[in-house]
Amino acid sequence: MAVIEAGLKCIQGKAVVNSISLKEGEDLFRERAEKIRNYGAAVIVMAFDEEGQASTLERRKAVCQRAYDISQEN
C-alpha cells in the first residue's frame, strides 16, 4: 500500500487503483479503501475474499456486495 499511496500523492488528475480485495480480511480492505477514497481515486475491487476467488454468480454477487457495503461505511 505504501507504493500506491506514494503514487496517489504525486499523480495529476483522477487516479484508478488496480486493485484491492477482501482476501486478506475486512480490516485491511477497509484501511486500503479509506486511504484510496481520501485521495479521491477510483478503485477496482476483485471478487476475492478469505475463501478465495468467487467462482459462481451468487458468490460474486455476495463478495461484491460485501465489499461495497464495507467501502460505504464512514
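Every condition in (1) in a loop (DSSP other than H, G, I, E, B); (2) touching a Leu at 6+ places or on another chain (Cβ under 9 Å) is met by Ser55 except one, and the failing one is (2). Number of residues in region 56-74 that are open to solvent by less than 80 Å² (accessible area, probe 1.4 Å) and of a type in the set (Ser, Thr, Tyr) equals 2. Consider region 54-74 and keep the residues that are touching a helix residue (DSSP H, G or I) at 6+ places or on another chain (Cβ under 9 Å) and among the hydrophobic types (A, V, I, L, M, F, W, C). The one that is farthest from Val43 (Cα to Cα) is Ala54.
Of all residues in region 1-39, those satisfying the criterion of being assigned to a loop (DSSP other than H, G, I, E, B) and open to solvent by 40 Å² or more (accessible area, probe 1.4 Å) are Met1, Ile11, Gln12, Gly13, Lys14, Lys23, Glu24, Tyr39. The number of residues in region 40-55 that are touching a Phe, Trp or Tyr at 6+ places or on another chain (Cβ under 9 Å) and open to solvent by 50 Å² or more (accessible area, probe 1.4 Å) comes to 1. Among the residues of region 58-74, which ones are part of a helix (DSSP H, G or I) and not small (Gly, Ala, Ser)? Glu58, Arg59, Arg60, Lys61, Val63, Cys64, Gln65, Arg66, Tyr68, Asp69, Ile70 - these are the residues of region 58-74 that are part of a helix (DSSP H, G or I) and not small (Gly, Ala, Ser).
The values are calculated or read from the model by the stated rules, or taken from the named source; none is laboratory data. Only a predicted model underlies this, so the values are computations on that prediction, with no experimental measurement involved. Reconstructed Cβ throughout: ideal geometry from the backbone, glycine too, with neighbour counts over all protein chains shown. Protein only, heavy atoms only, side chains kept; ligands, DNA and RNA dropped before computing areas. Shrake-Rupley method; radii C 1.70, N 1.55, O 1.52, S 1.80 Å.
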